[in-house]
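Inspection log for the structure reproduced underneath, given as structure tokens.
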Amino acid sequence: MTSVLETRNVKRTYQMGNLTVSALRGVSLEIEEGDFVAILGPSGSGKSTLLHVLGGLDRPDEGEVLIDGTSLYTLNDNKRADVRLRKIGFVFQFFNLLPRLTALRNVELPLTLADVNEQESVKKAKEMLEIVGLGDRVTHRPTELSGGEQQRVAIARALINDPKIVLADEPTGNLDTSTGGEIVRLMQRLNKEKEQTFVVVTHDLDVAENADRILFLKDGIIQGEKKGVGDALH
Amino acid sequence: MRRKHILSMAWQNMKQRRFRTFLTTLGVVIGITAIIGLASLGEGFRVTIQQQMEQGFELNLLTVLPGGLLTGVPGSFTDDDIQNISKIEGVTLATPLIQKSGVKLFSDDKTASPLVMLAVNFTEFWQIYPDRLIFEWGSLPQSTRNDTTVIGYNIQNPIEGWAFANAGQNLTIQTTLERRPLRVENRTFNLAGTLSKSGAAGFINFDDAVFIPIDTAQRLYNTTNSDMIFVRLADPSFSDSVAKAIEKRFEGQEDVRVLVPAAFLAQVDAILNMLQIFLTGIASIALLVAGLGIMNIMTVSVMERTREIGILKAIGARSRTILTMFLTEAALIGILGGLVGIPLGYGLAQVMGRFLFRFSAGIMPRRSLITGTTTRPLSEVSPILSPEWIIIAIIFAVGVSVIFGWYPARKAAKLDPVKALRYE
């Protein structure tokens, strides 16, 4: 297996007023294609920052991020946006759907940005909503959907451009336990079916339960890791 | 991202905020309405004035006046002067004129006053204004008869259906001789004809004039000189060269002024042009205010949509796409405002052209103080909307919208996606 995502000694500090916060203090990791990786850590451990850095949203102060062998932060803004569009899918804790667009339009958005023609993008978006189990919710707006349904739309949106990597930031953090479980199972199913790499940042042990790998992040450093499906925490 | 998609997204955004879009666009509409309204009204005004001016000027004529004041100062042009001017290249005719104001005219028990008396060489002067000086009845006096007169339309027809004099009748012209002591002189003339409506040529209104032979006037006033010289050109293109030649001829001897109608018209045209630019400039302020409105609304919109912008960026929208999206919204507002504002402005100009000038016609003096001419008051101005102005208005509307939209759009494009995603 080849590594699809790699970081080398990534550091990121924030200036918050007079306070300098070191969110990441030198993270090096390698994630292989098709893996379902959970990054586990308490709040404030730097999980979200790491995810943003991995996704090309937040430039690290030091270190390098390689996606598919390409150094992400040596690219210019436009090229990096294109990498986000075509190789990365994001799933957020608060779903981050555009409230004024229907489920279908939300899922279509990355296709629109990628200049796919309307006919094809509608077809693809419908298929994707079908896959995440929302075939009957196509014309609903986010406010008309439950939290779990909204997250399914978000997952459909993340996967619509067939990205290599899906980055999920606390995808169950805003859902009740059973709905969260469904979402995790959906992501795992897609991981298996589409052989896409999933990196899920969470402090929810249930999410980590069935991951191929678990990385423990604390105080901005990877403190350790565990491998193997299902046996990580048991 | 393709332009079509950006356009449809921008349009969606505008549609979803209908009321706000309406208000923002209204600002542009008002600005464009003002610009188009004043511009087309100004253009209509200009053309109307121009037409009236052109009716009042023969472009192939020059008038040589004594320098200083425009009229009233008795000139001292000699026969030699006239001969010299006739020899200038491009001149086909030069003829003298003596002008006296404050003249009274008696026909039996009827009096007409005050009038302008024009003493001319009938044959020559009628060659100067062949198209203008048309006889209502009668004909050009024979040059051998020195006691004939021709009267203008307003003298003969002061009111409808009432005639001042009859053909062949004798009229008495009363003039005041400028001698000390002042002497009033009455002289009898035979009426050779009356003129149709002739209008004003430059500073002389023929409708209020009584014509007598210049020889008679010269004897009466005991002079061999004349007040002005009318010069007819082979072609209006000689205007400048002949005017310069005349000025050169008199240089160092006498202070003269050569009135060049073509130049005068050009000057009036320039003034009217400036007026139009001035009016449109004022109207543009309205559009600039609209631009500020766009900037304001878009800044608010960017703040409101910060999270949305963050999402778009996270899923792969380029900064340029965001920028274009917001600028497209601004441009759409501009186009929309322009498309609504142009017909509205033209309509406004129609209404103003019809009523504003009608009102002002009532308070405008009918008789010009300078020229002593009676002009038909400007009762209506038909606004003129040229295609150039439509294009200018659209460019201006879109330009202002995009320029003022630039700052907020850029702000949106430059948003840090991580911060934007956290924005509540």
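Here, each number is a calculation from the coordinates, and none is a lab measurement. Just so you know, these numbers come straight off a predicted model, no measurement behind them. Here Cβ is always computed from backbone atoms with ideal geometry, including for glycine, and neighbour counts include all displayed protein chains.
Output ³J(HN,Hα) for the range A:170-180: one whole-Hz value per residue in order, computed from phi by the Karplus curve 6.51 cos²θ - 1.76 cosθ + 1.60 with θ = phi - 60°, and x for Gly and Pro.
Listing the rounded values in order: 6, x, 9, x, 10, 10, 6, 4, 6, 5, x Hz.
Determine the dipole magnitude for chain A: charges of +1 sit on the beta-carbon of Lys and Arg, -1 on that of Asp and Glu, nothing else is charged, the reference point is the Cα centre, and the result goes in debye to the nearest 20.
Taking the Cα centre of chain A as origin, the dipole is about 400 debye.
Quick one: check the C-alpha center-to-center distance for the range A:175-231 versus the range B:281-329, whole angstrom.
Each part reduced to its Cα centre gives a spacing of 40 Å.
Order by neighbour count: A:Arg157, A:Arg8, A:Arg189, fewest other Cβ atoms within 10 Å first, most last.
A:Arg189, A:Arg8, A:Arg157
For the range A:154-227, which GluC sites (Glu not before Pro) are in a loop by DSSP, counting at most 14 other Cβ atoms within 10 Å?
On the way: sites: A:Glu182, A:Glu193, A:Glu195, A:Glu209, A:Glu225; in loops: A:Glu195.
Answer by residue number: A:Glu195.
Report the one residue of B:Ile159, B:Ala209, B:Tyr221 whose Cα lies farthest in the direction of the positive end of the charge dipole of the range B:96-224 (charges on C-beta: Lys and Arg +1, Asp and Glu -1; origin at the Cα centre).
Value computed over the given set: B:Tyr221.
Whole-Hz ³J(HN,Hα) for each residue in the range B:34-49, computed from phi via Karplus 6.51 cos²θ - 1.76 cosθ + 1.60 with θ = phi - 60°, x for glycine and proline: what do you get?
4, 5, 5, x, 5, 5, 6, 5, x, 5, x, 4, 4, 5, 4, 4
When only DSSP loop residues count, what chymotrypsin sites (Phe, Trp or Tyr not before Pro) in the range B:103-207 have their Cβ near at most 15 other Cβ atoms within 10 Å?
Counting only loop positions with at most 15 other Cβ atoms within 10 Å, the chymotrypsin sites (Phe, Trp or Tyr not before Pro) in the range B:103-207 are B:Trp162.
When chain B is treated as a GNM, springs tying every alpha-carbon pair under 10 Å, which of B:Asp235, B:Asp81, B:Asp109 comes out with the largest mean-square fluctuation?
In this elastic network of chain B, the residue with the biggest mean-square fluctuation among B:Asp235, B:Asp81, B:Asp109 is B:Asp109.
Say the dipole of the protein assembly as shown comes from +1 at the beta carbon of Lys and Arg and -1 at that of Asp and Glu; which of B:Gly399, A:Thr179, B:Phe45 then lies farthest toward its positive end?
A:Thr179
Each residue of the range B:308-320 in turn: what ³J(HN,Hα) in whole Hz from Karplus with 6.51, -1.76, 1.60 and θ = phi - 60°, glycine and Pro shown as x?
Rounded to whole hertz, the list is 4, 5, x, 4, 4, 5, 4, 8, x, 6, 6, 4, 5.
Before anything else, pin down the relative contact order of the range B:96-224: Cα pairs under 8 Å, at least 6 apart, normalised by residue count, whole percent.
Relative contact order comes out at 33 percent.
State the extension gain, in nm to one decimal, for the chain segment bounded by B:Ile395 and B:Trp162, taking 0.36 nm per residue of separation less the distance between their alpha-carbons.
78.0 nm
Let's see if you can work this out: charge +1 on each Lys and Arg Cβ, -1 on each Asp and Glu Cβ, no other charges. What is the dipole magnitude of chain B about its Cα centre, in debye to the nearest 20?
For this selection, approximately 3200 debye.
Calculate the FRET efficiency for B:Asp80 and B:Thr123 from the Cβ-Cβ distance with a Förster distance of 25 Å, rounded to the nearest 0.05.
My answer for the efficiency is 0.75.
Counting Lys and Arg as +1 and Asp and Glu as -1, each charge on the Cβ, what is the dipole of the protein assembly as shown about the Cα centre in debye, to the nearest 20?
1060 debye
Residue by residue through A:109-116, how many Cβ atoms from other chains fall within 10 Å of the Cβ on average?
Numbers: counts 7, 4, 1, 8, 11, 3, 4, 2.
Per residue, the number of nearby Cβ atoms from other chains is 5 on average.
Please list the non-local residues whose amide H lies under 5 Å from the amide H of A:Ile39, H modeled 1.01 Å from N, same-chain partners needing a gap of 5 or more.
A:Val200, A:Val201, A:Thr202, A:Leu215
Within a 10 angstrom radius of the beta carbon, how do B:Met352, B:Met228 rank from fewest other beta carbons to most?
Sorted ascending by nearby Cβ count, the order is B:Met352, B:Met228.
Sorted from largest down, give the three principal axis spans of the alpha carbons of the range B:210-326, whole angstrom values.
Cα spread of the range B:210-326 along its principal axes, largest to smallest: 101, 28, 27 Å.
Tell me, what are the semi-axes, in whole angstrom and largest first, of the equivalent ellipsoid of chain B as set by the roots of 5 times the Cα gyration tensor eigenvalues?
The equivalent ellipsoid of chain B has semi-axes of 69, 23, 16 Å.
Could you check how many percent of all C-alpha pairs in the range B:96-224 are farther apart than 21 Å?
When every Cα pair of the range B:96-224 is considered, 33 percent fall beyond 21 Å.
Taking 30 Å as R0, compute the FRET efficiency from the Cβ-Cβ separation of B:Arg3 and B:Ile285 and round it to 0.05.
0.40
Would you list the P(r) distribution for the protein assembly as shown, with all Cα-Cα distances sorted into 20 Å bins from 0 and each bin expressed as a whole %?
Using 20 Å bins, I get a P(r) of 15, 29, 16, 13, 15, 10, 1 for the protein assembly as shown.
Per q in 0.09, 0.12, 0.23 Å⁻¹, report the Debye log10 I(q)/I(0) for the range B:1-117, using one uniform scatterer on each alpha carbon and no solvent.
Results for the range B:1-117 at q = 0.09, 0.12, 0.23 Å⁻¹ read -0.61, -0.79, -1.27.
Quick check on the exposure proxy: order B:Phe57, B:Phe230, A:Phe92, B:Phe278 from fewest to most C-beta atoms within 10 angstrom.
Numbers: B:Phe57 19, B:Phe230 28, A:Phe92 23, B:Phe278 12.
Arranged by neighbour count, lowest to highest, B:Phe57, B:Phe230, A:Phe92, B:Phe278 become B:Phe278, B:Phe57, A:Phe92, B:Phe230.
Looking only at other chains, what is the average number of their beta-carbon atoms within 10 angstrom of each beta-carbon in B:4-14?
Rounded to a whole number, the mean comes out at 2.
Would you list, by chain and number, the aspartates and glutamates whose Cα falls below 20 Å from the Cα of A:Lys126, excluding same-chain residues fewer than 8 positions away?
The qualifying aspartates and glutamates are A:Glu108, A:Asp115, A:Glu118, A:Asp136, A:Glu144, A:Glu149, A:Asp162, A:Glu193.
Taking 21 Å as the cut-off for C-alpha to C-alpha distance, list the pairs among A:Lys164/B:Lys313; A:Lys164/B:Lys419; A:Lys47/A:Lys227; A:Lys11/A:Lys87; A:Lys11/A:Lys218 that go past it.
Pairs exceeding 21 Å: A:Lys164/B:Lys419; A:Lys11/A:Lys87.
For the range A:18-111, how big is Rg over Rh, using alpha carbon atoms and the Kirkwood form of Rh?
Looking at the range A:18-111, the ratio lands at 0.99.
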